[in-house]
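Trainee: Let me give you the structure first, and then I'll get to my questions.
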Amino acid sequence: MRGRFITFEGGEGTGKSTHAAMLAERLKSFGIRVQLTREPGGSPGAEIMRHLLLSGVARPLGADVEAVLFAAARDDHLATLIRPALEKGRWVVCDRFADSTRVYQGAAGRVDPKIIRAMERVVVGDTKPDLTLILDVPAKEGMRRATERRGEGTVDRVEAEALAFHEKLRDGFLTLAANEPDRCVLIDATLSKEEVGEQIWRVVTKKLDPATAPIEFEDAAS
């Protein structure tokens, strides 16, 4: 039985990584085998691409080239980790996926949507998320959180963008949620971590019914 594929999306500072990890642990507590991963990255080849993209080295080449690099990383991620996990019946929880390319390089970067859709057809194919949780906070608050989280760390290529860019990102994700309501669910991420976690769990329970998933507690070797 194929596993379920859940993705988390949203702008900077919305708590995607935190809540992806929380959901993965909650699913595991019910005996569901879970693969937690992220984009860009998630596989050895894709992690190399992650460093390249977030360092800003590719930025001078333009959003079109960045979109191609994200697609290349995603192709490796799907082939080496996501598809094998799903085929084994694991539930895959991924922090960002193809929707981020649609919004970051498409809506905000102005890459032609036809190019993005073409790459998605080739790379993603039928491996589409069963559920996408879009975490939403105002762009200014998201950037405040991102700055607080980073502390003295290095600002990455995306966080360095102006507030107007991040507002475009938020608008892009809100549009995505409105256009694909069967797959995408908007989550109010301005609430406390615990309240957001409960929102997410209610949606997952309603949409995917984890209680019906095959139960197989993992041992140390799995």
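The values are calculated or read from the model by the stated rules, or taken from the named source; none is laboratory data. These numbers were taken from a predicted model, which means no experiment stands behind them. Using ideal geometry, Cβ is built from the backbone for each residue, glycine included, and neighbour counts are taken over all protein chains shown.
Trainee: Go through Glu141, Glu148, Glu167, Glu87 for me and flag whichever is closer than 27 Å to Val65 by Cβ and among the acidic types (Asp, Glu).
Mentor: Checking each option against the conditions leaves just Glu167.
Trainee: Still on this structure, I have one more. I need a count of the residues in the range 173-202 that are assigned to a loop (DSSP other than H, G, I, E, B), closer than 19 Å to Phe97 by Cβ and out of contact with any Leu (no Cβ under 6 Å at 6 or more places or on another chain).
Mentor: 4
Trainee: Checking the structure you have, find out if any residue of the range 123-132 is part of a strand (DSSP E or B), closer than 19 Å to Arg50 by Cβ and in contact with a strand residue (DSSP E or B) (Cβ under 8 Å, 6 or more places away or on another chain).
Mentor: Within the range 123-132, none of the residues are part of a strand (DSSP E or B), closer than 19 Å to Arg50 by Cβ and in contact with a strand residue (DSSP E or B) (Cβ under 8 Å, 6 or more places away or on another chain).
Trainee: Something else about it: Name the single residue that is modelled with the highest pLDDT among those in the range 70-97 being surrounded by 18 or more Cβ atoms within 10 Å (Cβ to Cβ), hydrophobic (A, V, I, L, M, F, W, C) and out of contact with any strand residue (DSSP E or B) (no Cβ under 8 Å at 6 or more places or on another chain).
Mentor: Leu78
Trainee: Being in contact (Cβ under 8 Å) with a residue 12 or more places away in the chain and over 24 Å from Val57 (Cβ atoms) is true for just one of Val158, Val185. Which residue is that?
Mentor: The match here is Val185.
Trainee: For the structure I just gave you, tell me whether Ala108 is touching a residue at least 24 places away in the same chain (Cβ under 8 Å), closer than 25 Å to Leu23 by Cα and small (Gly, Ala, Ser).
Mentor: The answer is no for Ala108.
Trainee: Ala73: in contact with a Ser or Thr (Cβ under 9 Å, 6 or more places away or on another chain), small (Gly, Ala, Ser) and either within 22 Å of Cys184 (Cα to Cα) or assigned to a helix (DSSP H, G or I) (or both), yes or no?
Mentor: Answer is yes for this residue.
Trainee: A further question on this structure: Would you pick out the residues in the range 203-222 that are modelled with pLDDT of 95 or more, of a type in the set (A, V, I, L, M) and either over 25 Å from Ala139 (Cα atoms) or in a loop (DSSP other than H, G, I, E, B) (or both)?
Mentor: If the condition is that a residue be modelled with pLDDT of 95 or more, of a type in the set (A, V, I, L, M) and either over 25 Å from Ala139 (Cα atoms) or in a loop (DSSP other than H, G, I, E, B) (or both), then Val204, Leu208 are the ones that fit.
Trainee: How about the range 27-65: which of its residues are in a helix (DSSP H, G or I), buried (at least 19 other Cβ atoms within 10 Å of the Cβ) and modelled with pLDDT of 90 or more?
Mentor: Within the range 27-65, Leu27, Ala46 qualify.
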